[in-house]
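A.B. asks: Below is the structure I would like to discuss, written out as structure tokens.
The values are calculated or read from the model by the stated rules, or taken from the named source; none is laboratory data. Nothing here was measured: the structure is a model prediction, and the numbers come from that model. Please note: Cβ atoms are built from the backbone with ideal geometry, for glycine as well, and neighbour counts cover all protein chains shown.
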Amino acid sequence: MSRLPTADPQKQVKAAPNSGAVLLRPHHVLCAIGWTGRGYSPAFSANMDAVVVGRLRADPETPVEFTGTADSVCAPCPHRRGLGCASGEKIADLDRNHAQALDIQPGDKMSWAEAQARAKRLRPDDLDRICARCQWLEYGMCKDALRRLRQE
Ligand code: SF4
């Protein structure tokens, strides 16, 4: 497997335009923790860098608000269809699994630090179940990132 690009926390990243809470669907907590710079399109990756590196990683006290529909990460995604997703059923399963694992409901608000603390309770191998059918799972970066987070 070729080496995956790594999101450099030092690099200059444009802050996301909304300076309020970062809107997240439940499964994007683990996706943000595992983000290494590889996305669905250049626009998707630039936005992911702005949200994840520019806001969440830059300040763990960043407020996040959970939603059951398209969020701050989905905005420029080529698979987004309005507030929905072209991969609707798969995404609904991911959200359901992650919401249960992290004890999150749409409408919940918390700091990014709290969301990370909840993710820390999971074991990397839990992703085999809660992330089943995600195309990125096989690359291993999300499990590696969770492993590192649990060691902090
Ligand atoms: S495997 Fe997929 S759904 Fe799971 S954390 Fe990684 S990118 Fe997100």
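A.B. asks: Looking only at the range 123-152, filter to residues that are in contact with a helix residue (DSSP H, G or I) (Cβ under 6 Å, 6 or more places away or on another chain) and part of a loop (DSSP other than H, G, I, E, B); which one of those is nearest to the ligand (Cβ to nearest atom)? Break it down stepwise before answering.
C.D. replies: Step one: filter the range 123-152 for residues in contact with a helix residue (DSSP H, G or I) (Cβ under 6 Å, 6 or more places away or on another chain), giving 124, 127, 130-131, 133, 141-143, 145-147, 149-150.
Okay, now just the ones that are also part of a loop (DSSP other than H, G, I, E, B), so 131, 133.
Working: CYS131: 3, ARG133: 9 Å.
So the residue we want is CYS131.
A.B. asks: Could you check the range 18-41 and list, in sequence order, the residues that are under 15 Å from HIS79 (Cβ atoms) and either among the basic types (Lys, Arg) or at pLDDT below 95 (or both)? Steps first, answer last, please.
C.D. replies: Of all residues in the range 18-41, those under 15 Å from HIS79 (Cβ atoms) come to 25, 27-28, 31, 39-41.
Hits for the range 18-41 are ARG25, GLY39, TYR40, SER41.
A.B. asks: Which of the residues spanning the range 101-119 are without any contact (Cβ under 8 Å) to a residue 40 or more places away in the chain and part of a helix (DSSP H, G or I)? Outline the logic, then answer.
C.D. replies: Start the filter on the range 101-119 by keeping residues that are without any contact (Cβ under 8 Å) to a residue 40 or more places away in the chain, which leaves 101, 103, 105, 114, 117.
If the condition is that a residue be without any contact (Cβ under 8 Å) to a residue 40 or more places away in the chain and part of a helix (DSSP H, G or I), then ALA101, GLU114, ALA117 are the ones that fit.
A.B. asks: Next question. Of the residues ASP71, ASP95, which is in contact with a Lys or Arg (Cβ under 6 Å, 6 or more places away or on another chain), modelled with pLDDT of 90 or more and within 12 Å of the ligand (Cβ to nearest atom)? Quick ask: steps written out before the conclusion?
C.D. replies: Values: ASP71 fails: within 12 Å of the ligand (Cβ to nearest atom).
On inspection, the qualifying residue turns out to be ASP95.
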